[in-house]
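**Q** Have a look at this one before I ask anything.
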Amino acid sequence: RLVHLDLKGAAPRAQYLEQVLPLLRALGATGLLLEYEDTFPYTGPLELLRAPHAYSPAELRALLSQARAQGLDVVPLLPFPLQFVLKHREFAHLREVKALPNALNPHKEESLALVKAMIDQVMALHEDLQWFHIGCDEVYYLGEGEESKQWLQQQDNTPEKLCLSHIKAVATYLASSYPMVTPIVWDDMLRGMSEETLAESGVPQLVQPMIWDYAADMEVEGKVQLMEKYHRCGFSKVWFASAFKGATGVNQSLTLIGHHLRNQLEWLQVASRSPADVLEGIALTGWQRYDHFSVLCELLPVAIPSLAVCLQALQNGGYSEKVKENVEKLLGMSNLEIDTYMSTSLGTFPGSNILTLVTQVSFYLKSSVDELLERNRYVTGWFSPYHRKRKIIHPIIMHHFQPDAVSLLSKWNAVVQDLQAAMEQVFHRCAIEEWMEENVHPSLQKLQQLVDDLDEA
């Protein structure tokens, strides 16, 4: 049971992750799937890939040693296709399609050299690895570059073979340089391929596919058949990937636990009907962005109750009152809600104060400001955009809503200040700024503007 930490947005400080590891272990995790993206401390020609808040080698070594001490396997994930690499001008010449940073040109020797260099740097910081996830999902536009189009015109060449040859090149490099490590790939590019194409490619002998589906109402029968198909093609082991957050809305700020719990229960059904000894494990994904360029979805501390429920359900083969009590005990929560967003959510787990304050903001900030600006008749009737532009208002009318506006503003400023302080313990400034600009500023600035306009009028 691998917990996926997606570090391509709102990457928690290393100290916070170290605080969380014992909890993950207690909840039933057996490993971590670390998707570093631009938070890995690349050096040399790759140094420009590092985000300003990337982890230092010392921080990473400490985190990995803490994971080992907790008995957690670590599986690094390098997300090929490399959007975070191909967005840089210096690497733009390696794009499959010039205008799009979506896929690597598989025909250039330099592309494979880049991939090898990244793998080598990640491997150098990790000890005793058993698996290495090489991504390969959603490789849109592969085959649409000029060199690919020429390659595809040759007899018997197909887009499937192009994709498989790229996977094979990366996996072969891993197998020859690090024979103790097994590559894992996302399976979506393989799903539609025929058994014959897969078997002939030689890829099944090199990698383990990870079948992903984050829906609450999965097609269980279809997943069982897919697993059997992969097994027949020669894949020795197969992984599943569920989700505990980051899969129900691109700009979601709160996690609906029930959706993710149902997703795990569906995977348990698939597992119970799978061929013996084929299932290697399951990764509980926790996406932080839908891709490198999208907004943030739920922050890690906000989703810890969901992760706890999901891990415990998988470990116990289902969800029951006893499992719920166990989760509440481990999180220090007394009111775990599964099928609604928890409107009050206090806990004692690391970062639980962030969950409490994000819940307040998500539930009440926009609605309380909209209530005042759009549904208070004194504002809409006597201090409309027309009045505000000309800074005119009847003095009597002011008394009907100015105190409310000022008190609402000061209340929300205090909440936001508390949230900022709580977030600073866990996140770097860039993540806090982004979250605030997306989720707080639109409403707070409208309210501030109203108060300022009233003062001037």
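**Q** When only Cα pairs under 8 Å and 6 or more residues apart are kept, what is the percent relative contact order across the chain? Mind showing how you got there, number by number?
**A** Values: 736 pairs, mean separation 65.4, N = 457.
Answer for the chain is 14 percent.
**Q** Need the list of aspartates and glutamates near LYS223 for cross-linking: C-alpha distance under 17 angstrom, and skip anything on the same chain fewer than eight residues off.
**A** Leaving aside aspartates and glutamates fewer than 8 places away in the same chain, those within reach of LYS223 are ASP187, ASP188, GLU195, ASP213, GLU266, ASP277, GLU280.
**Q** Something else about it: Counting only Cα atoms, I'd like the Rg/Rh figure for the range 353-456, Kirkwood definition for Rh. Can you show the working numbers first?
**A** Numbers: Rg = 15.4 Å, Rh = 14.7 Å.
Reported Rg/Rh (Cα atoms, Kirkwood Rh): 1.05.
**Q** If each DSSP helix of 4+ residues adds -39,500 (n - 2.57) and the sum is divided by the residues in the chain, what number results at 222 nm, nearest 500 deg cm²/dmol?
**A** Details: 18 runs with 228 residues, N = 457.
After summing the helix terms and dividing by the residues of the chain, the value is -15500 deg cm²/dmol.
**Q** If you take every residue apart from LEU300 with its C-beta less than 14 Å away from the C-beta of LEU300, what net charge results, scoring Lys and Arg +1 and Asp and Glu -1? Mind showing how you got there, number by number?
**A** Numbers: positive: LYS8, ARG13, LYS245, ARG289; negative: ASP6, GLU18, GLU35, GLU298.
My count for the surroundings of LEU300 gives 0.
**Q** For ASP418, what charge total do you get from the other residues with a beta carbon under 13 Å from its beta carbon, if Lys and Arg give +1 and Asp and Glu give -1? Present the calculation step by step, with values, prior to reporting the outcome.
**A** Working: positive: LYS411; negative: GLU424.
Here the charged neighbours net out to 0.
**Q** Next up: Quick one: how many Å² of CYS233 are accessible to a 1.4 Å probe, rounded to 10?
**A** 10 Å²
**Q** May I ask you to rank TRP131, TRP212 by accessible area, largest first, using a 1.4 Å probe over the protein chains only? Please list the in-between numbers first.
**A** On the way: TRP131 25, TRP212 55 Å².
Highest to lowest solvent-accessible surface, that is TRP212, TRP131.
**Q** Kindly express, to the nearest 10 degrees and within the range 0 to 90, the angle between helix 366-375's C-alpha long axis and the longest C-alpha principal axis of the chain.
**A** 40 degrees
**Q** What figure in square angstrom, to the nearest 10, would you give for the accessible area of LYS87 with a 1.4 Å probe?
**A** Spelled out: LYS87, probe radius 1.4 Å, area about 90 Å².
**Q** Compute the acute angle (0 to 90°) between the alpha-carbon long axis of helix 14-27 and the principal axis of greatest extent of the alpha-carbon atoms of the chain; round to the nearest 10°.
**A** For helix 14-27, the angle is close to 70 degrees.
**Q** For LYS8, go through the lysines and keep the ones whose alpha-carbon is under 16 Å away, minus same-chain ones fewer than eight residues off.
**A** Straight-distance partners of LYS8: LYS87, LYS245.
**Q** At 7 Å along Cα-to-Cβ for each site, give me the label-to-label distance between THR197 and ALA215 in nm.
**A** So the two model labels end up 2.2 nm from each other.
**Q** Under 5 Å between amide hydrogens, which residues at least 5 positions from ILE184 or on another chain qualify, with H placed 1.01 Å from N in the peptide plane?
**A** When sequence neighbours closer than 5 places are left aside, the close amide H contacts are PHE132, HIS133, ILE134, GLN208.
**Q** If you don't mind, there's one more thing I want to ask. So what's the angle, to the nearest 10 degrees on a 0 to 90 scale, between helix 159-177 and the longest Cα principal axis of the chain?
**A** 80 degrees
**Q** Using a 1.4 Å probe, what is the accessible area per residue for the range 2-340, in Å²? Before the final figure, lay out each step's value.
**A** On the way: 13370 Å² over 339 residues.
Per residue, the range 2-340 has an accessible area of 39 Å².
**Q** Once every Cα of the range 2-340 carries one equal point scatterer and solvent is ignored, give the base-10 log of I(q)/I(0) from the Debye formula at q = 0.07, 0.16 Å⁻¹, two decimals.
**A** Rounded to two decimals, the profile gives -0.28, -1.54.
**Q** Another question, then. Protein chains only, probe 1.4 Å: how do ASP188, ASP291 rank by accessible area, largest first?
**A** Values: ASP188 35, ASP291 60 Å².
So the residues, ranked largest to smallest area, are ASP291, ASP188.
The values are calculated or read from the model by the stated rules, or taken from the named source; none is laboratory data. The model shown is predicted, which means the values in this text are computed figures rather than measured ones. Here the Cβ is made from the backbone with ideal geometry for all residues, glycine too, and neighbour counts use every protein chain on show. The protein model used for the area step is the full one, side chains on, heavy atoms only, and it has no ligands, DNA or RNA in it. Shrake-Rupley method; radii C 1.70, N 1.55, O 1.52, S 1.80 Å.
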